[in-house]
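The values are calculated or read from the model by the stated rules, or taken from the named source; none is laboratory data. A quick note: this is a predicted structure, and the numbers were derived from the prediction, not measured. Positions of Cβ are generated from backbone atoms using ideal geometry, with glycine treated the same way; all protein chains shown enter the neighbour counts. The area values use the complete protein model at the heavy-atom level, side chains included, leaving out ligands, DNA and RNA. Shrake-Rupley method; radii C 1.70, N 1.55, O 1.52, S 1.80 Å.
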Amino acid sequence: MIKKGIDKVLSQKKGVFFDMDGVLYDSMGAHADAWSRAFHHFGIYFPPQMVYLNEGRTAQSTINLVFQQNEDRLATDFEIEQIYSKKTEIIAGYPDAAPFEGAMMLMADLKKQGKAIWVVTGSSQDKYLKALLLDFKDFVSADRIISGKNVVHGKPHPEPYLTALHKSGFKSHEVIVIENAPLGVESAKAAGIFTVAINTGILDDRILLESGADMLFPDWNDLLK
Ligand code: CA
């Protein structure tokens, strides 16, 4: 089922660390739109392209980055709270993100082969983590999720993936990472892990490759065919 070299890579590995948004869920369009609209509400320009470029950062880090670029200062706690609340309010109006069928198909294949499945996400919202356990219930268990709650430093820092290595007991060469975002790729590569990029968003392939991705697929169909 899986071709184009990834099957060969996987045959030598014991497991896969999956990123969540943009890899397991077709959720990034909504997040990009919600962030962009939330900033716009406060008179700040932050186009969806910038959301994709910064995907993986914590909300606080994203807001601070925008303030540094636009106002040459960090955001206050009040500003962070206001903008993040607005983003949360906007995204609540979107339908729930759909899981990528391709991710399920790969997980089914991995399970059959006895490979371990972990999820490493910057998200720390219970709503999304609960949905993950429901939607991927045949493959993902709570003790194999590293969320934003488990780390001090989010992506692009290697801490999320280093934490997954530590908790799983795998060495970096025994697993691969599947990521869709440049900062996620950077985080995984900094943890020394072979990283497959799947470009489900709007960024140029080149950006993911320049972040250090070892392999790149335009979408799930391409990875699985
Ligand atoms: Ca992602």
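Annotation note: trypsin sites (Lys or Arg not before Pro) in region 1-73 located in DSSP loop regions with a Cβ neighbour count of at most 13 within 10 Å are K3, K4, R73. If you take every DSSP beta bridge fully contained in the chain, what fraction is antiparallel? Give it as a percent rounded to 5. So the antiparallel bridges in the chain amount to around 5 percent.
Carbon-plus-sulfur fraction of the accessible area of region 29-91, 1.4 Å probe, in percent? After summing per-atom areas, the C and S share lands at 51 percent. Pairs exceeding a 24 Å alpha-carbon distance, out of K13/K189; K137/K189; K111/K155; K86/K189; K127/K171: K137/K189; K111/K155; K86/K189; K127/K171.
Per residue, the solvent-accessible area of the chain (1.4 Å probe, heavy atoms of protein chains only, all protein chains present) comes to 47 Å².
Selection among A164, L132, Y25 by position relative to the dipole of the chain gives A164 as farthest towards the positive end (Cβ unit charges, Cα centre). The H on the amide N of G192, modeled in the peptide plane, is under 5 Å from the matching H of no residue at least 5 residues off or on a different chain.
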